[in-house]
Amino acid sequence: MRKVHALIGLSLFIFSCKNQNNQESNSKTKDSLSTVQQPTEKLYVEDLLNINSHEDLVKKYGQSNVVKDRFFYGDDPIGTPATIMFRGSDKEITIEWRDTVNYKDLQSINVRGYTKTDTSMPIYVSQWKTKTGLSIGMSLNEVKRLNNKDFTIGGLGWDYGGGVINWNGGNLSKDSNMSLIFADMNANVQLTEKEQNQVYGEGVQVSSSNQALQKLNPIVSAIFISKRR
């Protein structure tokens, strides 16, 4: 009888150990799956168009990530009062307000290259994208593929250069509130004087199909989205 009890006890112990091991294995599998399948945050510029004030941004993203500052266009030494979020990171983004005293009534959203505190060189990378697929650092030809048509930009190499003038009826022409600026970052490409005159300077307009511009293959350095009233 003692042998029977001992065998039953041993069987229960083995079953208990197996059950515990299975539970631990299942738990690890679930943890592993949750780690792998955890969705990453998608940051779309257009989602910020619903924001009404600086305080709304503070509530949504936290006081430490949202500061009042100034936004500078080209050679403007004064700048415009604006809210800057996530400064010095690849999530940096600027909001301009129509009411610059109270930082209310959103006017435009600006995504540009960010600058780390230990360097003055801009980094053209951003987690923010448009819902049409545009992002900072995209090349001329990548944008051309999104537009599905050649487009026209202003001459490069000056404070207000490189902006898209005409999407020529392509896919990106549907968003009239979005503007794009390109910058020449390819220092290794050598152009002839004739080619330089085709792509650089104020008053110049150049097609994305231009061979000299294709050599440079400039990148998107800024995205601006204005809010309709």
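See the values below:
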| read-out | value |
| --- | --- |
| Mean Cβ count within 10 Å, highest first, over the residues of peptides 199-208, 184-193 | 199-208, 184-193 |
| As computed over the stretch 104-176, the Cα convex hull volume per residue (Å³) | 141 Å³ |
| Spin-label proximity, MET121 to the stretch 199-229 - amide N less than 20 Å from point 7 Å beyond Cα toward beta carbon | 216-222 |
| HN-Hα J in Hz across the stretch 182-198 - Karplus 6.51, -1.76, 1.60, θ = phi - 60°, x for Gly and Pro | 9, 10, 7, 10, 9, 6, 7, 8, 9, 10, 6, 4, 4, 5, 4, 5, 6 |
| Segment GLU41-ASP150, length gained on full extension (0.36 nm per residue, minus Cα span) | 36.0 nm |
| Where TYR124, TYR103 fall by accessible area, highest first, once all protein chains stay in place (1.4 Å) | TYR124, TYR103 |
| Accessible surface, per residue, of the stretch 146-229 when the full set of protein chains is kept, probe 1.4 Å, Å² | 55 Å² |
| Residues whose placed amide H lies under 5 Å from that of ILE93, excluding near-sequence neighbours | MET85 |
| Long pairs among LYS131/LYS174; LYS91/LYS174; LYS60/LYS131; LYS60/LYS91, criterion Cα-Cα beyond 23 Å | LYS91/LYS174 |
| Net charge contributed by nearby residues that have their C-beta within less than 12 Å of MET138 (K/R +1, D/E -1) | +2 |
| Extension reserve of the ASP159-ASN52 stretch, reckoned as 0.36 nm per residue once the Cα distance is removed | 35.5 nm |
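The values are calculated or read from the model by the stated rules, or taken from the named source; none is laboratory data. Remember, predicted model here, so these are calculated numbers, not experimental data. Here the Cβ is made from the backbone with ideal geometry for all residues, glycine too, and neighbour counts use every protein chain on show. Accessible surface is based on the protein model in full, side chains and every heavy atom, while ligands, DNA and RNA are left aside. Shrake-Rupley method; radii C 1.70, N 1.55, O 1.52, S 1.80 Å.
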